[in-house]
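Here the structure is laid out as structure tokens; the discussion comes afterwards.
The values are calculated or read from the model by the stated rules, or taken from the named source; none is laboratory data. Quick caveat, the model's predicted, so the values are computed rather than measured. In this analysis, Cβ positions are derived from the backbone assuming ideal geometry, glycine residues included, and neighbour counts consider all displayed protein chains.
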Amino acid sequence: MRILSITAGAAGAYCGSCLRDNALAAELTAQGHDVVLLPLYTPTLTDETNVSQDRVFFGGISVYLEQHLPLFRKTPSLLDRLWDSSLALRLASRRSIPIEPRLLGELTVSMLKGAGGFQRKEIAKLLRWLSGEPPPDIICLSHALLIGLARPLREALRRPICCTLQGDDLFLEGLGEPYRSQALELIRANHVFVDAFLAVSSYYARFMPHYLGVPAHKVQVVPMGINLAGYPAGPRRSSGVFTIGYFARIGPEKGLHILCQAYRVLRQQQNLPPCRLEAAGYLGQEQKKYLAGIERDMKDWGLDGEFHYRGVPDREGKIGFLASLDVLSVPSTYAEPKGTYLLEAMACGVPVVQPRRGAFPEIIEKTGGGILVESGDSASLAKGILALLRNPSRAAELGRNGARGVREHYSVARMAASAVEAFENICAPSASQPLRPTLAERV
């Protein structure tokens, strides 16, 4: 198949959606499909070989200028190249600058208006480029937030369109009003131009139709998958210091503060072996005060020597970091649809302890690689971690289960097979029947 996949860069940050889209495109290409992965806003950042196009559409600088300065909505494309170049976008992405919710909301609404928004010139650029390319069999948008492109793409290319659902609600809830309501209304109005929505988990496939106001029969499941190359296949070795790990974006929504509170409760127990708490993941400029507050709390509790933030590792460093852990926990404060870090930790044979919410229960049920605790409850989280600390054989069993379960259910090859089946389902549905269940939905 020839697949046009449109993803969205996240400036200088590692973005779970970018990583997922890139891994899927790379695997589909390896399987013989013709995949064009187009980044929007900024180049994508990945910890694997980046297979996206060098050219960036809807360059973040142009989009911003067109939103706020009417003059730039009419400038010629030749002039736009000055700030649309990959170099200019990479330079602009080096600084993580907090954006006012009001400005972010206005831009989101404008993008969802498609040809009716302030970025209509960018749509014309994209369509002009696509007119010179072989037509795709299917077009895949990486987020519902890109659904404003569905109508112009459908009218220009007359090809089926699908839209991946992989975390839109967290962004939308952060917009505030009136932008949240306006954005949801525009998504609902544009769903008629989308043939199917592909959710990354069964949880999200149940939740998003009601949240977005789209028909449930349009939603299929294409579960997450990771590239297992480089992950250790054998049993892991303990360092002698019980190491609790956190690997995710640093921010209150991911719950690092809850894990630190649980660690404090844990260290109040008697007769514990040496312990430490290790954290790694992207740290935006706007979250440095959050991390500083956590470090201050750990110092006040007399635990600062046992807590370390290890920065943002590359792929090799990530695997090494995860493999050094005895248990991983990312106690998110919201219902996550993906949980990629769970798959990565379990692929290393590391058991996980997670809140009972979002996609976590189905991941742990399928893999058998961890335990569930109460959401937002540091005491419950501490109890779950302590159970593994006190019972190394149980922890080792969960680690083995997780390593096996990820390879069986959550490999990138399985994700690609599910995606191809969904694409074929979308491209040739029965005239009298709804879309067939995908492989992932039947298992």
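Residue-wise test of (1) in a loop (DSSP other than H, G, I, E, B); (2) out of contact with any Phe, Trp or Tyr (no Cβ under 8 Å at 6 or more places or on another chain); (3) closer than 23 Å to GLU106 by Cα; (4) at pLDDT 90 or above.
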{"residue": "GLN53", "(1), (2), (3), (4)": "yes, yes, no, yes"}
{"residue": "ILE61", "(1), (2), (3), (4)": "no, no, yes, no"}
{"residue": "LEU65", "(1), (2), (3), (4)": "no, no, yes, no"}
{"residue": "LEU71", "(1), (2), (3), (4)": "no, yes, yes, no"}
{"residue": "THR75", "(1), (2), (3), (4)": "yes, yes, yes, no"}
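What about GLY358, is it crowded, with 22+ Cβ neighbours inside 10 Å, assigned by TED's automatic domain parsing to the domain that holds ALA395 and at positive phi? Steps first, answer last, please.
Values: crowded, with 22+ Cβ neighbours inside 10 Å: no; assigned by TED's automatic domain parsing to the domain that holds ALA395: yes; at positive phi: yes.
The answer is no for GLY358.
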Residue check, ASP137 among the acidic types (Asp, Glu) and either closer than 25 Å to GLU253 by Cβ or outside the structural domain of SER202 (by TED's automatic domain parsing) (or both) = no
note = Of the residues in the range 131-146, those that are out of contact with any strand residue (DSSP E or B) (no Cβ under 7 Å at 6 or more places or on another chain) and in a helix (DSSP H, G or I) number 2
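Yes/no per residue for (1) surrounded by 14 or more Cβ atoms within 10 Å (Cβ to Cβ); (2) among the hydrophobic types (A, V, I, L, M, F, W, C):
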| site | (1), (2) |
| --- | --- |
| CYS260 | yes, yes |
| ARG267 | yes, no |
| LEU272 | no, yes |
| GLU278 | yes, no |
| GLU286 | no, no |
| LYS289 | no, no |
| TRP301 | yes, yes |
| GLY305 | no, no |
note = Flagged in the range 337-370 as acidic (Asp, Glu) and under 22 Å from LYS383 (Cα atoms), in numbering order, are GLU362, GLU365
query = For the range 378-443, which helices (runs of 4 or more DSSP H) that fit wholly inside it have 2 or more residues that are under 23 Å from ALA347 (Cα atoms), among the hydrophobic types (A, V, I, L, M, F, W, C) and at pLDDT below 95?
reply = 439-442
Cβ-Cβ under 6 Å pairs, at least 6 apart or on other chains, the range 290-316 side modelled with pLDDT of 95 or more, far side of a type in the set (Val, Ile, Thr) = LEU291/ILE250
message = Can you tell me how many residues within the range 319-340 are under 15 Å from TYR231 (Cβ atoms) and surrounded by 24 or more Cβ atoms within 10 Å (Cβ to Cβ)?
response = 3
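Which of the residues spanning the range 6-25 are farther than 26 Å from PRO160 by Cα and without any contact (Cβ under 8 Å) to a residue 40 or more places away in the chain?
Looking only at the range 6-25, we keep the residues that are farther than 26 Å from PRO160 by Cα, and these are 10-15.
Matches in the range 6-25: ALA10, CYS15.
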